[in-house]
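The block underneath contains the structure these notes are about, expressed in structure tokens.
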Amino acid sequence: MAASIDLTLDSTDAQVLAAFWKTALGYVDEPPPAPFATREEWLAQFDLPEDDLPEHAAWLCDPDGVGPRLSILNVPEPKTAKNRLHIDIRVPGHGNPVERWARITAESERLVKAGGRVLEEVDEHHVVMADPEGNEFCVAATSA
């Protein structure tokens with residue numbers, strides 16, 4: 001059996017980043033673990049520092065249960081270098097190259113409106129982007 005993975009993003013504003021990634025991926029806020037009714041109840045068990053508030057983190061999940069969970073956690077230090085791991089957002093890969101590129105650019109334009117920015121367009125193959133905090137990701141097509 002293969003292992004499952006969760007992805008964690010460091011952040012300076014977890015709620016802003018969570019809003020972007022919910023839009024980008026179609027994810028939703030993950031419910032708190034059972035038997036807790038809220039994230040606040042769940043966090044209370046960890047004896048966290050007073051200034052470590054629930055809004056300093058976000059937990060997202062794929063509503064269909066297919067994609068990995070995404071945790072977003074506030075950290076004190078800013079992002080200073082290129083990601084060593086990044087997310088690829090895939091649009092449908094059917095059709096000819098012009099049709100695939102049109103879907104890729106339409107998705108990147110949608111994500112710019114959500115707070116992302118285009119860093120580079122690569123040979124009408126994929127678009128390198130950054131989320132609101134500068135974390136790089138790509139928009140590309142699935143295999144045809």
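Per-structure values
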| read-out | value |
| --- | --- |
| Residues located in the stretch 129-144, provided they are outside any loop (DSSP other than H, G, I, E, B) and either open to solvent by 30 Å² or more (accessible area, probe 1.4 Å) or of a type in the set (Ser, Thr, Tyr) (or both) | GLU136 |
| Which listed residue is touching a Phe, Trp or Tyr at 6+ places or on another chain (Cβ under 9 Å), surrounded by 16 or more Cβ atoms within 10 Å (Cβ to Cβ) and either of a type outside the set (Gly, Ala, Ser) or closer than 30 Å to ALA3 by Cα (or both), from ILE89, ILE104 | ILE89 |
| Pairs, first over 7 Å from ILE72 (Cβ atoms) in the stretch 2-18, second among the charged types (D, E, K, R) and open to solvent by 90 Å² or more (accessible area, probe 1.4 Å), C-beta under 7 Å, six or more apart | GLN15/GLU55 |
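The values are calculated or read from the model by the stated rules, or taken from the named source; none is laboratory data. Keep in mind it's a predicted model, so treat the numbers as computed, not measured. Reconstructed Cβ throughout: ideal geometry from the backbone, glycine too, with neighbour counts over all protein chains shown. When the accessible area is computed, the model is the full protein with side chains, heavy atoms only, and any ligands, DNA or RNA have been set aside. Shrake-Rupley method; radii C 1.70, N 1.55, O 1.52, S 1.80 Å.
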